[in-house]
Amino acid sequence: MNIPSRNQIILYGSIVILIIVGLSFLWTPILWLFIIVGPATLLALYDMIQRKHTILRNFPFIGHFRFWLESLGPEMHQYFVENNTDGTPFNKNQRSFVYKRSKKSLETHPFGTELDVYKDAYEWAPHSIYAKEVMDEHPRVRIGGPDCKQPYDAALLNISAMSYGSLSANAVRALNKGANIGGFFHDTGEGGISPYHLEGGGDLVWEIGSGYFGCRTRDGNFSEELFKKQATNPVVKMVEIKLSQGAKPGHGGVLPAVKILPRLPISVALNHIPKSSHRLIIKLFQMPKDCFILLKNCVICREANHPDLNYASAAKRNSSRFARR
């Protein structure tokens, strides 16, 4: 299909306007067509002078249909092209399954014959003739060695790091309540602990990134006092330290002040620009004392008489190690 060019659109539009004006001398009501033609003409004139979209500049007025059809693409693909087993990361079958279970209307769903069981890389759970009895308790992994006085028995599947700022209050409440019911932990993400993380009673892993949200001073450094206040909360079972901003190499996440709300675990309404790595962990052989304070006061490791938590001995060992190299 040939799309009219810019000059052709101008020519055809001018002809239509002249025809309407000419016929108005014979039949005046035809001027009502300018209710449609008038705005279309003004839109086409604007498209020709604007410099933001090349398509609209080359194809005034008609170019808008391209953007309109493009906006319908995802819906058309979802409802008319995509089948029940397509789509990533979750297909329609899986989404429907989650929706029904959330409403307690259906707990099981047959997936079997809807999948191509003969294609390469098809995964399945084979039947075992040596079936084992169902365990009375779910398997756990103990985190914390013999020197740890507060070890934690973690479930095999848990909630990974997602900050409150990227979710919502209700989402955090639901995740934490689910962690409490299921007996697994909920990682806060580097955004820190919000009030909603504490409502469900689920075990928390407090993630601390290079922005130190939740234990940050006004000048952006690590605050030992705020750290102690958060880490001694009984629901905080572990502290996770995010060593660098891997997803943003060379820079670090920017948190604009306008996005900071009173309920966020950030005390100062400034433009927070976390570094790509920790201020406390720059060089292993020059690791500052604050970093060892952070590790020493960790809920799992505090009071553990472990030699690596002794700043003086650790610094001495690291210095001599690099000196030998």
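The values are calculated or read from the model by the stated rules, or taken from the named source; none is laboratory data. Nothing here was measured: the structure is a model prediction, and the numbers come from that model. With ideal geometry, Cβ positions are generated from the backbone for all residues, glycine too; neighbour counts draw on all protein chains shown.
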- Task: Among the residues of the range 3-38, count how many are more than 16 Å from residue 61 (Cα to Cα) and of a type outside the set (Val, Ile, Thr).
- Result: 11
- Item | Failed criterion for residue 125 (all others in (1) loosely packed, with under 13 Cβ neighbours inside 10 Å; (2) within 30 Å of residue 211 (Cα to Cα) hold) | (2)
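For (1) at pLDDT 90 or above; (2) touching a His at 6+ places or on another chain (Cβ under 9 Å), each residue gets a yes or a no:
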residue: 178; (1), (2): yes, yes
residue: 197; (1), (2): yes, yes
residue: 201; (1), (2): yes, no
residue: 205; (1), (2): yes, yes
residue: 216; (1), (2): no, yes
residue: 229; (1), (2): yes, no
- Message: Suppose the filter is part of a helix (DSSP H, G or I), at pLDDT 85 or above and of a type outside the set (A, V, I, L, M, F, W, C); does residue 240 pass it?
- Response: no
- Query: Looking at this structure, is residue 170 over 30 Å from residue 135 (Cβ atoms), among the polar types (S, T, N, Q), under 19 Å from the mean Cα position of the chain (by Cα) and surrounded by fewer than 22 Cβ atoms within 10 Å (Cβ to Cβ)?
  - Reply: yes
- Can you run down the residue pairs with Cβ atoms below 9 Å, 6 or more apart or on separate chains, where the first is in the range 149-163 and in contact (Cβ under 8 Å) with a residue 60 or more places away in the chain and the partner is part of a loop (DSSP other than H, G, I, E, B) and among the β-branched types (Val, Ile, Thr)? 149/300; 150/299; 150/300; 151/300; 152/299; 152/300; 161/188
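So is residue 165 under 26 Å from residue 222 (Cβ atoms) and among the small types (Gly, Ala, Ser) or not? Full working, then the answer.
Numbers: under 26 Å from residue 222 (Cβ atoms): yes; among the small types (Gly, Ala, Ser): yes.
Yes: the conditions hold for residue 165.
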- Item | Single residue of the range 25-50 satisfying the filter (exposed (fewer than 15 other Cβ atoms within 10 Å of the Cβ) and of a type in the set (S, T, N, Q)) that is nearest to the chain's Cα centre (by Cα) | 50
- Query: Could you list, in sequence order, the residues of the range 126-152 that are at pLDDT 85 or above, assigned to a loop (DSSP other than H, G, I, E, B) and of a type in the set (A, V, I, L, M, F, W, C)?
  - Reply: 148
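Just to verify a result, which residue in the range 66-92, among those that are among the hydroxyl-bearing types (Ser, Thr, Tyr) and more than 25 Å from residue 3 (Cα to Cα), is nearest to the chain's Cα centre (by Cα)?
Selected residue: 88.
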- Item | Yes/no for residue 123 being modelled with pLDDT of 80 or more, within 29 Å of the chain's Cα centre (by Cα), acidic (Asp, Glu) and assigned to a loop (DSSP other than H, G, I, E, B) | yes
- Criterion: of a type outside the set (Ser, Thr, Tyr) and closer than 16 Å to residue 239 by Cβ - qualifying residue of 183, 220, 214, 201: 214
